[in-house]
Amino acid sequence: MWRTAAACVGAALFLFAGDAVAAPPEATPTLVIDQFGYRPEAEKTLIVRTPMRGFDAGAGEAPEDAYEIVSAATGEVVFRGEPQPWRNGAVDPGSGDKVAYMDFSALDTPGTYSIRSEDGRQTSGPFVIAPDVYEDVFRAAFRTFFYQRAGFTKAVPYADPRWADRASHLGKGQDTEARSFFAKGNAKTARDLHGGWYDAGDFNKYTNWTADYCHTLLLSFAENPEAWGDDFGIPESGNGIPDVLDEVKWGLEWLVRMQNEDGSVLSIVSLDVASPPSSARGPSFYGPASTSATRSTAAAFAQAALVYRATGLPGHDAFAEDLARRAVAAWDWAEANPDVTFFNNDVRDASIGLGAGQQEVDDAGRAAKRLAAAVYLFALTGEEAYRKAAEYEIGAAKLMREGAVTPYDLEAQDAMRVYAALPGISDGLGQSINTALRKAMAGERFWTAIEQEQDPYFAPVWAMHWGSNNVKARTGNLFMDERKTGLTPAELVTVRDVAARYLHYFHGVNPLGKVYLSNMGAYGAENSVDSFYHGWFSDGSRLWDSVTESRYGPAPGFVVGGPNPSYSWADCCPNSCGGPGARISCGRTPPSPPAWQPPLKAYLDFNTSWPLNSWEVTENSNSYQVSYLRLLANFVD
């Protein structure tokens, strides 16, 4: 989720007079494990960390000679091991830590355990070994989409009473009567654009990104259908349809409303922000159609038509046929209008400030969307025009030209993996795609980084920046994607273990011992996200601000952006910011952490808005959420 200066307009809703403050950092643990636990057959590793640099330098302890794993049921020691130093005791530049690790994969008996040093001075919290260890976590993380629904009542029993709320943004001038951003006073521009999801901590709804959320959830369903049951506790649960298909349908129906009669698709709807969301009273505005939004929607509609048509479940055939028709209409408009853009918060033009995140893409982004739309339309129809378009874009793609795979180009890469398995494509092209994918993954950014143990926390990525948790989850998914390229059984086991390391990172195997999901104490986490930037769970809310400081705290399961070594406060700092009567003192220095820390420690649980800009670190995003869910689904039966 990227924000520009224009975002400060919306963020002003959270301003308060006086000092801008952030909570102090928490103590970090010596022993680091997945705080939820492990599947019996999984690789399991204890991390023993000694902080040498960063805010916690000097606060840790050196590794002991040996560690014991104790059964909670019997009190007996069931495993003993000796830790091995990472790189002979070197300090990791990514974390500022010295690290030792102990493998205890041999322990595969289901149960609850804890780890202690032989002298008992160093201890871990309890963790579980069980085949279903992640099921409740998966459920909580998926249910965030229900809480993010715009214009939908969060009623008990589907909502926890602590986070129940009336339907939002259905009042006068809001989503059912949204007007054009460029004709706010013209009632004739009013459109019914209700539904969809709040995109992140802001409540805006973006077509490009919503289409991607639908795509990723549908892809996860195709990869691991057994993980996606009909019992997640949303209003549609128990209807005989996997809940993920019900939730995706909610998003798709909003995209349908965004489509114009000529096939083009509007780009964005901006929503007012308030806590709780039902108290928002400001108007909703939409942006014009664009090529990127229309291509994204064409791909999502075509992919969804394939999925829903294949279920044989009530109502899905008619829904799939309507989506298929709409996908073709969107494709046709975008082919006739290949360069229509809308930069919704273009800082070059102060008059354009719609929404927070910049949803528009460059030429390469539009090409990737054309590739994805062509692939799914060819899979849906078998028509030669789509095959030619897909193969043209595949030939021009970075993977085929440069042999490059990245966690930033999943739209094109996912589409190419799908295309490689389709009948009727050019001879040898599927094998060429899979060979290129495997060759790229063998390089220094992926398998070489794993084999050389470049990250002592075992989850190396390209870079740490705003939204680093998305990069972590996507990298784990890239390893899991290798299953589709013809691996041997032994290779499949190895790939699965490596992908699980990225999952463990989210569950506490990181220098902060932080579970990067909100309010997960009831699910077994010792240290989960306490507060994060979100319009509902806002700074100063007596009910929802913080798990420890407010009555309820935020709802569980939201994935936050994660460590961001590029974090910075607003440009007006360290001077006072704001206008007369609303002056805010930034403080003398930016909060540290996240500022001035090793990359993996550039994180703090805080939700202070402008000018401290906590959104650069802790804001949730549905993009992070779907990447994490797709990864986690591989480890849920």
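General observations
- Sequence-distant lysines (8 or more away, or on other chains) whose Cα lies within less than 19 Å of K249: K154, K205
- Cβ-placed point charges (K, R +1; D, E -1), dipole of segment 99-197 about Cα centre in debye, nearest 20: 1000
- Hits among lysines - C-alpha to C-alpha of K484 under 16 Å, sequence gap 8 or more where chains match: K439
- Global geometry of segment 542-589, whether rounded, prolate or oblate, following the gyration tensor of its Cα atoms and the 1.5 cut on a/c: oblate
- Computed from the Kirkwood radius of its Cα pairs, the Stokes-Einstein diffusion coefficient for segment 28-115 at 37 °C and 0.692 mPa s stands at 237 µm²/s.
- Calculated on the Cα set of segment 80-221, radius of gyration then Dmax: 24.7, 76 Å.
- Span per principal axis, largest first, for the Cα atoms of segment 175-273 (Å): 50, 26, 24
- L543 long-range amide H proximity, modeled H, under 5 Å: R551
- Directionally averaged shadow of segment 152-217, computed from the convex hull of its alpha-carbon atoms, nm²: 5.9
- Nonlocal amide H pairs with G587, under 5 Å, H built at 1.01 Å: A20
- For Y38, residues with placed amide H under 5 Å, excluding near neighbours: V128, I129, A130
- Estimated dipole of segment 171-258 in Debye, rounded to 20 [Cβ of Lys and Arg +1, of Asp and Glu -1, Cα centre]: 900
- Evaluating 6.51 cos²θ - 1.76 cosθ + 1.60 at θ = phi - 60° for every residue in segment 289-297, the Karplus couplings come out as 5, 9, 5, 5, 4, 6, 5, 4, 5 Hz, glycine and proline recorded as x.
- Ranking by accessible area, most exposed first, for K601, K249, K184 with a 1.4 Å probe: K184, K249, K601
- Rounded D (µm²/s) - segment 237-338, Kirkwood Rh over Cα pairs, Stokes-Einstein at 4 °C, 1.567 mPa s: 87
- Semi-axis lengths, largest first, of the ellipsoid equivalent to segment 425-486 are 26, 13, 9 Å, with √(5λ) applied to each eigenvalue of the Cα gyration tensor.
- Estimated [θ] at 222 nm from DSSP helical runs (n ≥ 4, -39500 (n - 2.57)) normalised by residues in the chain, nearest 500: -10000 deg cm²/dmol
- Among beta bridges identified by DSSP and lying wholly in the chain, the antiparallel ones come to about 85 percent.
- Rg/Rg_ref, segment 552-637, where Rg_ref = 2.2 N^0.38 Å and atoms are Cα: 1.34
- Selection from F232, Q122, F146 lying farthest towards where the dipole of the chain points positive, charges on Cβ: F146
- Normalised by 2.2 N^0.38 Å, where N counts its residues, the alpha-carbon radius of gyration of the chain equals 0.95.
- With N counted as the residues of segment 66-109, its alpha-carbon radius of gyration over 2.2 N^0.38 Å works out to 1.49.
- Here the Karplus relation 6.51 cos²θ - 1.76 cosθ + 1.60, evaluated at θ = phi - 60°, turns the backbone of segment 401-409 into coupling constants of 7, 10, x, 10, 10, 9, x, 9, 10 Hz, with x for every Gly and Pro.
- Lys, Arg +1 and Asp, Glu -1 on Cβ, resulting dipole of the chain about Cα centre, debye, nearest 20: 1420
- Think of segment 446-542 as a dipole: +1 on every Lys or Arg Cβ, -1 on every Asp or Glu Cβ, centred on the Cα centre; then among M520, V498, F537, F537 lies furthest on the positive end.
- Here Y392 sits with roughly 150 square angstrom of accessible surface, probe radius 1.4 Å.
- Cα shape, segment 341-472, gyration tensor, a/c 1.5 rule: oblate
- Radius of gyration and Dmax over the Cα atoms of segment 327-384, both given in Å: 14.5, 46
The values are calculated or read from the model by the stated rules, or taken from the named source; none is laboratory data. Bear in mind that the values here come from a model prediction, so they are computed numbers and not experimental data. Neighbour counts run over all protein chains shown; Cβ positions are idealised from the backbone, glycine included. For the accessible areas, the whole protein counts, side chains as well, though only heavy atoms, and no ligand, DNA or RNA atoms are used. Shrake-Rupley method; radii C 1.70, N 1.55, O 1.52, S 1.80 Å.
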